[in-house]
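First up is the structure itself, then whatever we jot down about it.
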Amino acid sequence: MLGAATPPPTPPSPVCLIGHCCHDTLVLRNGDGHHRVLGGSVAYMARFLHAADVPYHLATAVGADFAFAGAARPAWLPPLAPTGKLPTTHYVNDFSATRNALADDREEHVRARCADLTPALIAASLPSSPPVLDIACVVPIVGEVSLPTLAWIRRTARLVLADAQGLVRRVPASISPTSPARVERRAIDPAAYACIDFLKVGDAEAQYVCRAAAATAGCTLLVTHGGSPAPVHARAGRAVPECEICLPDGSTVIVPGFAVPADKCRDPTGCGDAFLAGVVVGLRRGLGVAEAVRVGHSFGALNVQHVGIPPDGALPPLLLGVVEGGVV
């Protein structure tokens, strides 16, 4: 049921975040310039889970060129050893042609792509053997989690959440910094829905997701209309997001988000990741799905006010209120 609480595990286990960390190049609108920052959904989610005092570990891959190791590594990011000989994934988000500061419109390119995440690589990152997962978040950047690996995660984890963006994105096999590849999209394999309990779907991915196939497989869709937190509708110059919860029984519920003043919306990159982290926090605390989505909205609303991942000191006051009160 939509409002039914999800019993938290006893004792709580770390959340497993599965996907590439990357180098993000952000080309922002309104003359806000170029930024080379730490990126990847796992990094954004780790930042918010850390601030919410939720334990986690990363199943990821980076190259020897990873720029955020050693002294440059933020305290909330676990040390990451290079995986093989491939370079770190490098993703370019170019918002410079967008006039609407509240819209998540972008040109997307990939300049490098690291190794695929196989069951063996994921299992090696886990503290237990054989691997045991409680909550797994499958949040690839651009197709690094294959369908067989997703099926393995389903067999290994109690609860699987995923983001459609990294499941629908594709790039050619041969890419380089001098010959970046434009990101393309294709429909999610229908067999993937049976591997996922909650699938977050943004506007950019909606046409590649089959609602009927998801319902048949028992997968709940969390469809963030207009981006997160870009607007479905503007109210007094504020971004007002909505999430449509599509349950397997065919029923839907709209959960409104929080208004963010337009002049505070700096960078939509990672807002969906922050949203999904909030959903995880809510479900892990035993909240119902709608209440967990409200927590997700609040995380996304904070994330959009920063360029890249919010810095130290930017999150704890809000997150503590969210965790204690369920919503803000």
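The values are calculated or read from the model by the stated rules, or taken from the named source; none is laboratory data. What you see is a predicted model, and the numbers here were worked out from it, not measured in a lab. FYI the Cβ positions are ideal-geometry reconstructions off the backbone, even for glycines, and counts take in every protein chain you see. Surface areas here come from the heavy atoms of the whole protein model, side chains and all, with no ligands, DNA or RNA. Shrake-Rupley method; radii C 1.70, N 1.55, O 1.52, S 1.80 Å.
Quick notes on this one:
- Of the criteria (1) open to solvent by less than 60 Å² (accessible area, probe 1.4 Å); (2) more than 27 Å from VAL54 (Cα to Cα); (3) part of a helix (DSSP H, G or I), which one CYS114 fails: (3)
- Pair list, Cβ < 6 Å and 6+ apart or interchain, from segment 74-86 residues that are under 14 Å from LEU117 (Cβ atoms) to residues that are open to solvent by less than 40 Å² (accessible area, probe 1.4 Å): LEU80/VAL62; THR83/ALA61; THR83/ALA115; GLY84/ALA115; LEU86/GLY63; LEU86/CYS114; LEU86/ALA115
- Qualifying position, being open to solvent by 40 Å² or more (accessible area, probe 1.4 Å), outside any strand (DSSP E or B), free of Cβ contacts under 8 Å to residues at least 40 places away in the same chain and not basic (Lys, Arg), among ALA213, ALA187, ALA191: ALA187
- In segment 47-73, the residues that are open to solvent by less than 10 Å² (accessible area, probe 1.4 Å) and free of Cβ contacts under 8 Å to residues at least 60 places away in the same chain: VAL62, GLY63
- Unmet requirement for GLU144, which otherwise passes all of (1) open to solvent by less than 30 Å² (accessible area, probe 1.4 Å); (2) assigned to a strand (DSSP E or B); (3) not polar (S, T, N, Q): (2)
- Looking only at segment 251-275, and only at residues there that are more than 23 Å from SER41 (Cα to Cα) and among the hydroxyl-bearing types (Ser, Thr, Tyr), the one that is surrounded by the most Cβ atoms within 10 Å (Cβ to Cβ): THR252
- Any chance ALA124 is of a type in the set (A, V, I, L, M, F, W, C), open to solvent by 60 Å² or more (accessible area, probe 1.4 Å) and closer than 24 Å to VAL54 by Cβ: yes
- Given (1) at pLDDT below 95; (2) surrounded by fewer than 18 Cβ atoms within 10 Å (Cβ to Cβ); (3) in a loop (DSSP other than H, G, I, E, B), number of the condition PRO248 does not satisfy: (1)
- Residues in segment 276-309 that are out of contact with any Gly (no Cβ under 9 Å at 6 or more places or on another chain) and either buried (at least 22 other Cβ atoms within 10 Å of the Cβ) or part of a helix (DSSP H, G or I) (or both): LEU283, ARG284, LEU302.
- Some residue of segment 149-172 being assigned to a loop (DSSP other than H, G, I, E, B) and open to solvent by less than 50 Å² (accessible area, probe 1.4 Å): yes
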